[in-house]
Amino acid sequence: MATVRLEGITRQFGSAALGRTTTRVAPSAGIADITFEVPDGEFWVLVGPSGCGKSTILRTIAGLEKATSGALYIGDRCVNEIPARQRDVAMVFQNYALYPHMTVADNLAFGLQMRRVEVQKRQERIAEVAKMLAIDHLLDRKPGQLSGGQQQRVALGRAIARQPQVFLLDEPLSNLDAQLRDETRAELKRLHQQVGITTIYVTHDQVEAMTLADQIVVLDQGRIQQIGDPQTIYTRPSSRMIATFLGSPPMNVLRSVYDDAAFQVYGQRLPCPEPLQAKLQPIAGQPYDLGIRPEHLQFGAKSGHLQVEISVVEPLGREVLVRAQLPTDLSAQTQDIAFQCRPDQCPRVGDRAYVTLDLDQLFVFDVETGKTLVQ
Ligand SMILES: Nc1ncnc2c1ncn2[C@@H]1O[C@H](COP(=O)(O)OP(=O)(O)OP(=O)(O)O)[C@@H](O)[C@H]1O
Ligand SMILES: [Mg+2]
């Protein structure tokens, strides 16, 4: 086991890497100035939209991609010049990368064989891992004879069987069906609690990020936006992008203007809580984005802060997810707002109703930069 430390890691692609500037290659392609340290045995999750650089970071740590600049340490050792196979990391790729001519059993055994683990021990380890991932009935098949989800579990099993110093997992559950995904996620967490191997995990899935991570690293356009434990990232996001990325349904964002101790939201007036008033005074009269999580909207009263028109109701069993629109007579744009309610309160599509906002839970974001101004 080992710490993993990145100091100002940058990896540029295309002509940017050659020092030329061009309008063809976005300057954000690749990753820039990535700095973080994963302590020994911790589980860190990298999240962010497609193309933000998650795989590039993992591939650089694995040694499959060479950093343009910066330093990378695994344990006390700077590994910039150390080839991939000597780094003692196991990576599960987004596209599995199994050996197509080998059986599942041989794929699982490959890393152990390379490390000259004795046959008896090898077989025990493979049996254990195959059982855990429910692929023990597939050991004699070749990867081409497996479904996507099965291939993904074999790839995961191959990494787990090796017991490396560091695990690098790139969306390892993305091809599993919902139930297997939940089970394997819990299994991964249990496994990490038992074995405690330093793990860096890439996902699009905010539930995986929230449930698995000791720390979450949020990326956008090749740069780190925020690092924090899941609860901090959820309750104190540093920008609109992060606020709307984590949470399902995501945080509602309403364009509004603050004036006269109130927010004007699409022609409706929302009183501004007193502690916020002084903070907002300097930008009074200018538009900004008001953020509120669905769980901080109350529905069902005869009156409330905002009047909405119900557009979609989605029963989920324990609760109903309601999507509504603010009536926007003066503007061609529609403004959606989502919240949950109890099944016995379920409105009908087309109803006009009121929602009440928990005004202590408001966020205010800068329209241009998306930065959190007030929370
Ligand atoms: N070999 C390459 N040559 C040129 N550009 C590349 C190369 N690899 C990645 N990129 C670019 O670098 C950026 C980051 O890519 P990366 O694969 O790390 O994103 P990602 O966050 O893993 O996305 P996804 O969630 O879609 O897998 C993207 O703009 C991508 O197009
Ligand atoms: Mg990727």
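A short reminder: the numbers here are calculations on the coordinates, not readings from a lab. Bear in mind that the values here come from a model prediction, so they are computed numbers and not experimental data. Here Cβ is always computed from backbone atoms with ideal geometry, including for glycine, and neighbour counts include all displayed protein chains.
Per-structure values
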item: Cα gyration tensor shape for the chain, rounded if a/c is under 1.5, else prolate or oblate; result: prolate
item: Relative contact order %, the stretch 158-279, counting alpha carbon pairs below 8 Å whose residues are six or more apart; result: 14 percent
item: Ordering of 66-74, 136-144 by packing [mean C-beta count within 10 Å, highest first]; result: 66-74, 136-144
item: Sequence-distant residues sharing a close amide H with Glu65 (under 5 Å, placed H); result: Thr60
item: Expected 222 nm ellipticity per residue - DSSP helices of 4 or more, -39500 (n - 2.57), all of the chain, to 500; result: -7500 deg cm²/dmol
item: Extended-chain gain in nm, criterion 0.36 nm per residue less alpha-carbon gap, Lys302 and Asp366; result: 19.8 nm
item: ³J(HN,Hα) computed for each position of the stretch 256-263 - Karplus, 6.51 cos²θ - 1.76 cosθ + 1.60, integer Hz, glycine/proline x; result: 8, 10, 9, 6, 6, 6, 8, 8
item: Residues of the stretch 305-327 with amide N under 20 Å of a point placed 7 Å along Cα→Cβ from Asp344; result: 314-322
item: Rounded to whole Å, sorted largest first: equivalent-ellipsoid semi-axes of the stretch 151-221, Cα gyration tensor; result: 18, 16, 12
item: Long-range amide H partners of Thr198 with built H, under 5 Å; result: Ala2, Gly41, Phe167
item: Interchain or long-range residues, amide H under 5 Å from Gln335's placed H; result: Leu326
item: Euclidean distance between Cα centres, the stretch 53-117 to the stretch 208-286, Å; result: 37 Å
item: Integer Hz, Karplus 6.51/-1.76/1.60 couplings in order for the stretch 200-210, x for Gly and Pro; result: 10, 10, 9, 8, 8, 8, 5, 5, 4, 4, 5
item: Hydrodynamic radius by Kirkwood, which averages 1/r over all alpha carbon pairs of the stretch 252-374, in angstrom; result: 15.0 Å
item: Protection proxy ranking, peptides 170-176, 283-289, average beta carbon neighbours within 10 Å, highest first; result: 170-176, 283-289
item: Kyte-Doolittle mean at least 0.5 and Cα axial length at least 15 Å: DSSP H helices in the chain; result: 104-114
item: Table column - 3J(HN,Hα) (Hz), the stretch 221-235, Karplus curve with 6.51, -1.76, 1.60, x for Gly and Pro; result: 6, x, 10, 6, 9, 6, 10, x, 6, x, 5, 5, 4, 6, 8
item: Net lengthening on full extension, Arg141/Asp358 (0.36 nm per residue, minus Cα-Cα); result: 72.5 nm
item: Gain on full stretching of the segment that runs from Gln179 to Tyr73 - 0.36 nm per residue minus C-alpha separation; result: 34.5 nm
item: Sequence-separation-based contact order of the stretch 252-374, relative, with Cα cut under 8 Å and 6+ spacing, percent; result: 29 percent
item: In range of the label at His204: residues from the stretch 49-68 whose backbone nitrogen is under 11 Å from the point 7 Å along Cα→Cβ; result: 49-51
